[in-house]
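Here the structure comes first, spelled out in structure tokens, and everything after it is commentary.
The values are calculated or read from the model by the stated rules, or taken from the named source; none is laboratory data. Everything numeric here is computed off the predicted structure, so don't read it as measured data. Here the Cβ positions follow ideal geometry from the backbone for every residue, glycine too, while neighbour counts run over all protein chains shown.
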Amino acid sequence: MKIVALTGGIGSGKTTVAKMFKDLGVPVYNSDNEAKALMVSSKELRKAIKALLGAEAYNGKTLNREYIAKKVFGDKGLLGQLNKIVHPAVREDFLRWAAKQSTPYVIQESAIVFENGQQDFYDKIILVTAPEEVRLARVMERDKVSKSEIRARMGNQLNDTVKIGLSDYVIENISLNETRSKVNETHKRILGQGGFEQF
């Protein structure tokens, strides 16, 4: 089984592309969602996160996402420390999940593959891109946040020019029809390279 990363900057539309792969029968693991779940369910993670960010990181047993975002997105050092706590747990959880799948390949959707130096974990990497203005508009609409807040988050991610050179496949996500066509083509290429005729 191949392990494929699906990555891209904030607002690029990774989740839209991930759904298109799911529609083709490819199992997709959403690292962001699973990380949030683990940060609540794991006593070890809760303890480590409170030690790093303070008890306010949780409202009872619920993650205080707004507080955490304000703490870490303007502080790369703190963000790096949080990632060092959370990402190994997510990696373990992903590998357990992947072991239960029986398809020619699985996808791990993750925003910061390159930023964490995780590219060597994967057989192939798919990068989702979109122009910056499109990305800003999408995130402003989705998260109801200001451009400056989004640019601060973007500042924690490598720019697309660098990531394109490190990726095996690039899917520009502007027109849904064109994106779906590119997803279908990428799917066939991954299967073909693995020697699989069909899914």
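Observations
- Yes/no for Val17 being among the β-branched types (Val, Ile, Thr), in contact with a Phe, Trp or Tyr (Cβ under 9 Å, 6 or more places away or on another chain), closer than 15 Å to Ile126 by Cβ and surrounded by 17 or more Cβ atoms within 10 Å (Cβ to Cβ): no
- Take the conditions (1) free of Cβ contacts under 8 Å to residues at least 60 places away in the same chain; (2) in a loop (DSSP other than H, G, I, E, B); Arg96 misses just one of them, which is (2).
- Sole exception among (1) over 25 Å from Arg138 (Cβ atoms); (2) modelled with pLDDT under 95; (3) among the aromatic types (Phe, Trp, Tyr) for Phe73, by number: (1)
- If you check Asp160, Asp123 for being acidic (Asp, Glu), surrounded by 13 or more Cβ atoms within 10 Å (Cβ to Cβ) and out of contact with any Phe, Trp or Tyr (no Cβ under 8 Å at 6 or more places or on another chain), only one passes: Asp160.
- Residue that is surrounded by the fewest Cβ atoms within 10 Å (Cβ to Cβ) [pool: residues in region 68-78 that are in a helix (DSSP H, G or I) and free of Cβ contacts under 8 Å to residues at least 12 places away in the same chain]: Gly77
- Wholly enclosed helices (runs of 4 or more DSSP H) of region 1-64 bearing at least 1 residues closer than 14 Å to Val90 by Cα, polar (S, T, N, Q) and outside the structural domain of Val139 (by TED's automatic domain parsing): 31-41
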